[in-house]
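A.B. asks: One structure is given below, represented as structure tokens, and several questions about it will come after.
Coordinate-derived values only; no laboratory data. Not measured: the values here are computed from a predicted model. A quick note on method: Cβ atoms are made from the backbone with ideal geometry, for glycine too, and the neighbour counts reach across all protein chains shown.
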Amino acid sequence: MSTPAKTPNVSPDEQIELQMRRMTRRGFATGAVAALAGLAAWGWVRTRDADDGIPWPLRRVLRWNEQLASAYSRPSRLAPTFAPNAARMPRTNGQIGLGGHFDPATWSLRIESPAIKKPLQLALADIRALPRVETITELKCIEGWSDPVQWTGARLIDLAEKFGLASRRGRDADQFAYATLSTPDDAYYVGLDIESALHPQTLLCYEMNGKPLTLEHGAPLRLAIPVKYGIKNIKRIGTIRFTDQRPADYWAERGYDWYSGL
């Protein structure tokens with residue numbers, strides 16, 4: 001604090017009090033100017049043209065975040081794993097695409113890719129026939145909560161490699177850019193960059209915490225992708241497509257980050 005200017009016939013304590021009052025008024029004025037500037041900036045942002053459902057300056061920030069996250073994302077960068085006693089049942093958030101009458105016995109997984117002549121229709125037994133993987137990773141909700149979960153299933157990369165789905169002419173260096181997954185009724189859908197889709201920890205899960213998936217948790221098959229927030233962990237997968245076109249994403253169309261990486 002600077003030494004207060006002396007005022008005649010005023011004690012040192014009163015001098016300090018006067019200086020504090022001046023500083024308080026100055027701070028209030030500065031804060032008011034900053035608040036008004038913030039409101040003006042927000043008003044400007046809100047009036048900008050929309051880009052994928054939100055004003056373009058906000059969308060530009062989200063895309064910058066995506067570029068930053070994808071720059072350090074690589075298959076060797078693994079999400080943390082946990083001890084078996086840490087696993088617990090997560091909340092049943094996210095019921096979009098799970099409505100109506102659904103009979104798991106009639107379910108099949110449709111897979112589309114430019115690399116194959118016609119779509120595949122796989123039963124759950126086909127997924128179970130792939131190498132079985134068990135892991136405990138954290139399901140992180142964009143709302144702020146998280147739970148370690150024991151996932152059991154097959155790696156999406158193993159499925160892609162078995163049927164030659166993700167690459168042109170079977171060459172790893174010539175992969176398609178994206179994968180998209182949707183529920184059987186197409187009510188919920190997620191878009192993934194191919195690096196995240198084929199990450200070694202991305203699983204097509206049919207069991208959770210040692211038991212078969214329940215309907216509310218996405219039976220008969222759901223995605224566990226610990227390098228993404230929970231909104232990308234789609235339940236009740238009905239279709240998987242590999243593509244070079246950036247796919248639509250349910251929550252990105254409603255203003256959230258398309259990439260949604262951790």
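A.B. asks: Evaluate the distance, in nm, between pseudo-label points positioned 7 Å from the Cα of Ser11 and of Ile116 along their respective Cα→Cβ axes.
C.D. replies: Using points 7 Å along Cα→Cβ, the separation is 8.9 nm.
A.B. asks: Something else: What does a probe at Ala105 reach in region 192-225, counting residues whose amide N is under 17 Å from the point 7 Å along Cα→Cβ?
C.D. replies: Of the residues in region 192-225, 215, 220 have backbone N under 17 Å from the label point off Ala105.
A.B. asks: At a 10 Å Cβ-Cβ cut-off, how would you order His199, His101, fewest neighbours first?
C.D. replies: If I rank by nearby Cβ atoms, fewest first, I get His101, His199.
A.B. asks: For a 26 Å ceiling on Cα separation, which of these pairs sit above it: Lys117/Lys162; Lys118/Lys228; Lys117/Lys228?
C.D. replies: Over 26 Å apart, Cα to Cα: Lys118/Lys228; Lys117/Lys228.
A.B. asks: Another question, if that's okay. Which ³J(HN,Hα) values, rounded to whole Hz and listed in residue order, are derived for region 228-241 from phi using the Karplus coefficients 6.51, -1.76 and 1.60 in 6.51 cos²θ - 1.76 cosθ + 1.60 with θ = phi - 60°, glycine and proline given as x?
C.D. replies: 10, 5, x, 5, 8, 7, 4, 9, 6, 5, x, 9, 10, 10
A.B. asks: Right, something else. Among Trp107, Trp145, Trp258, Trp151, which comes first, then next, by fewest other beta-carbon atoms within 10 Å?
C.D. replies: Placing the least packed residue first, the sequence is Trp145, Trp107, Trp258, Trp151.
A.B. asks: Right, here's the next one. What list do you get for Arg222, Arg246 if you sort them by fewest beta carbons within 10 Å?
C.D. replies: Arg246, Arg222
A.B. asks: Give me the one-decimal nm value for the distance between modelled label points at Gln19 and Arg77, 7 Å along each residue's Cα-to-Cβ direction.
C.D. replies: Here the answer is 5.0 nm between the modelled labels.
A.B. asks: Compute the separation of the alpha-carbon centres of region 148-187 and region 239-262 and state it in Å as a whole number.
C.D. replies: Between the Cα centre of region 148-187 and that of region 239-262, the gap is 14 Å.
A.B. asks: Can you list residues whose amide H is under 5 Å from Ile234's amide H, if they're 5+ apart or on another chain and H is modeled 1.01 Å from N?
C.D. replies: Leu223
A.B. asks: Further, regarding this structure: HN-Hα J couplings of region 154-159 from phi, Karplus 6.51/-1.76/1.60, θ = phi - 60°, integer Hz, Gly and Pro as x?
C.D. replies: Taking θ as phi minus 60°, the curve returns 10, 6, 4, 5, 5, 5 Hz for region 154-159.
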